[in-house]
Amino acid sequence: MDVELRGITKRFGPITANRNVNLTIRAGEVLGLLGENGAGKSTLMTVLCGLYSPSEGEILIDGKPVRFAGPGDAIAAGIGMVHQHFMLIPVFSVAENVVLGVEPTGRLDRLDLVTARAQVRSINETYGLEVDPDALVGDLPVGLQQRVEIIKVLFRSAELVIFDEPTAVLTPQEVEDFFKIVRSLRDDGKAIVFITHKLNEILEIADRISVLRAGEIVGEGDPKALSEADLAEMMVGRPVSFTVAKAPFAPGEVLLEVDDLTVLRDDDSLAVDRLDLQVHRGEIVGIAGVQGNGQTALVEALTGLARIAGGTLRFAGGDITRASTRERHRLGIAHIPEDRQRTGLIPAFTIAENMVLDTYYDERFSAGPVIRWDAVNRAAARASIDFDVRTDSVFNAVGTLSGGNQQKVIIAREMSRDTQLLIAAQPTRGIDVGSIEYIHRRIAEARDEGDGVLIVSSELDEILALSDRIVVMFRGRIVAEFDGNDPGISRKAIGLAMAGATA
């Protein structure tokens, strides 16, 4: 199936998200789609999936114009999307998740799971997906959960498959397996759209690349003739540096000491299992691992957001095991949370209000019970300039900013005060190369100024770019440690440790 987007424009009131976009997606081909945050990729794909109607332009399938009244029409036309955040029910089996909404039925309209299992096995065999139809989805690792999403799309007879940031939570070994699946889909004649921020991956998997900037196609090309630098410059409109400049590694005294830390989940299972860790002044420690192996619980325990079941925490020589979040904050611990919209910002509040969410009570901004808004606004304006938050006013709602600029607001809030330790969880998740370059530079500057830095990231490239020391978490424990400044460091060894293997 060949799909053509011809002259697609999508407006939301005075805002134009896509402008006269022409894009061809061919059967038996992987089209890589790149663009900064806010470039219009998601809007374009939601138009293609029938969630939005275009303001102008048309969609053609095999040369014939089509018009979608909703996503059901797009699915019926053979268009499917595997979303970055999986849409699965953990307590259902693989087969039950796959057929949800299009359930095969037998006598008396009862669910025919025998037929469902057989269809899942058939798709498994065709594309080498190797997923047990009877397994509970909640028991599967993320790599297999992603395969369930692929089976769901294929079960609905998709001929065009859109992958949105598909490798965000995969280990390097899982990425290799995933690419084999994508190639098998392509070789079977499926049309593939591959959306990602990872330039090295798109160069490896794509047969053709298109780049969106400010809602328009600004570049296309053959990945064999392009470099990561070429793609980054097309995306951002300027050259981008991929090397994080850091001063020579000269760590100071131990700043954070974690001893025998245990943290429980809500169901009393172990999230962090008797973990030991140290962070020195002037050092970046990177925690690598597939998401869901206790990293979130560790960060919440360090920042005072989760109760500790056992062990001790020491910071700058003092015991902070029972210290409140505000006490830790006042001691100079900064926190960049992993989910900027749920736990980092209040989208409806202004940029200025978000800048002081955790310092509004400070004497700089408060006169007793009254907030000094003139001081807040001046500080927010200054921080927006210093941290390159791109906005025309600090009185705009922070939710109107792009993802990268929302992340810069959090970084400005946390790093524009006197800090000793920066704890950054997924600091560049879902943002473009230009914003990543800026955020990495600010993190490196904090380390060079003598702060300790602890970074948790599912992006191995980010861990390798920033870390002086790398530790790997698996099932709540640290299972391996590597010298981040070793030029011969093995990505394979780190990837194996992330998957729980030792060799």
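The values are calculated or read from the model by the stated rules, or taken from the named source; none is laboratory data. In this text the structure is predicted, and so the values were computed from the model without any measurement. Because the Cβ atoms are built from the backbone with ideal geometry, glycine has one as well, and the counts that use them run over all protein chains shown.
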Could you please find all residues in the range 401-422 being surrounded by fewer than 16 Cβ atoms within 10 Å (Cβ to Cβ) and under 30 Å from residue 197 (Cα atoms)? none
Condition met for residue 370 (in contact with a helix residue (DSSP H, G or I) (Cβ under 6 Å, 6 or more places away or on another chain) and free of Cβ contacts under 8 Å to residues at least 60 places away in the same chain): no
Can you name every one of the helices (runs of 4 or more DSSP H) wholly within the range 402-486 that holds 3 or more residues which are of a type in the set (Lys, Arg) and outside the structural domain of residue 37 (by TED's automatic domain parsing)? 433-448
Selection within the range 327-356 - exposed (fewer than 15 other Cβ atoms within 10 Å of the Cβ), in contact (Cβ under 8 Å) with a residue 24 or more places away in the chain and polar (S, T, N, Q): 341
Evaluate the range 140-162: report whether one residue or more is of a type in the set (Ser, Thr, Tyr) and surrounded by 14 or more Cβ atoms within 10 Å (Cβ to Cβ). no
Residue list for the range 95-116, filter: among the acidic types (Asp, Glu) and either in a loop (DSSP other than H, G, I, E, B) or farther than 12 Å from residue 134 by Cβ (or both): 103, 109, 112
Just checking, how many residues over the range 315-326 are exposed (fewer than 14 other Cβ atoms within 10 Å of the Cβ) and in contact with a strand residue (DSSP E or B) (Cβ under 7 Å, 6 or more places away or on another chain)? 1
Are any residues in the range 259-291 in contact with a helix residue (DSSP H, G or I) (Cβ under 7 Å, 6 or more places away or on another chain), modelled with pLDDT under 95 and among the small types (Gly, Ala, Ser), and if so, which ones? 271, 288, 289
Condition test on residue 398, is it under 26 Å from residue 251 (Cα atoms), buried (at least 19 other Cβ atoms within 10 Å of the Cβ) and either of a type in the set (Asp, Glu) or touching a helix residue (DSSP H, G or I) at 6+ places or on another chain (Cβ under 9 Å) (or both)? no
Matching residues in the range 163-177 - criterion: being free of Cβ contacts under 8 Å to residues at least 60 places away in the same chain and either crowded, with 21+ Cβ neighbours inside 10 Å or in a loop (DSSP other than H, G, I, E, B) (or both): 167
In the range 110-129, what residues are acidic (Asp, Glu) and at pLDDT below 85? 112
Among the residues of the range 348-384, which ones are modelled with pLDDT of 95 or more and hydroxyl-bearing (Ser, Thr, Tyr)? 350
Selection from the range 1-40 of residues of a type in the set (D, E, K, R) and buried (at least 20 other Cβ atoms within 10 Å of the Cβ) yields 10, 36
What pairs can you find where one residue is in the range 470-486 and within 17 Å of residue 457 (Cβ to Cβ), the other is hydroxyl-bearing (Ser, Thr, Tyr) and modelled with pLDDT of 95 or more, and their Cβ atoms are less than 9 Å apart, with a gap of 6+ or different chains? 482/467; 484/467
Has the range 93-110 got any residue that is over 22 Å from residue 2 (Cβ atoms), loosely packed, with under 15 Cβ neighbours inside 10 Å and among the small types (Gly, Ala, Ser)? yes
Please note which helices (runs of 4 or more DSSP H) are completely contained in the range 256-358 and include at least 1 residues that are under 15 Å from residue 456 (Cα atoms) and outside the structural domain of residue 385 (by TED's automatic domain parsing). 295-303
Failed condition for residue 387, given (1) under 17 Å from residue 416 (Cβ atoms); (2) at pLDDT 90 or above, with all others met? (2)
Which of the residues spanning the range 196-227 are among the polar types (S, T, N, Q), surrounded by fewer than 16 Cβ atoms within 10 Å (Cβ to Cβ) and outside any loop (DSSP other than H, G, I, E, B)? 200
Being touching a residue at least 12 places away in the same chain (Cβ under 8 Å) and in contact with a strand residue (DSSP E or B) (Cβ under 8 Å, 6 or more places away or on another chain) is true for just one of 312, 359. Which residue is that? 312
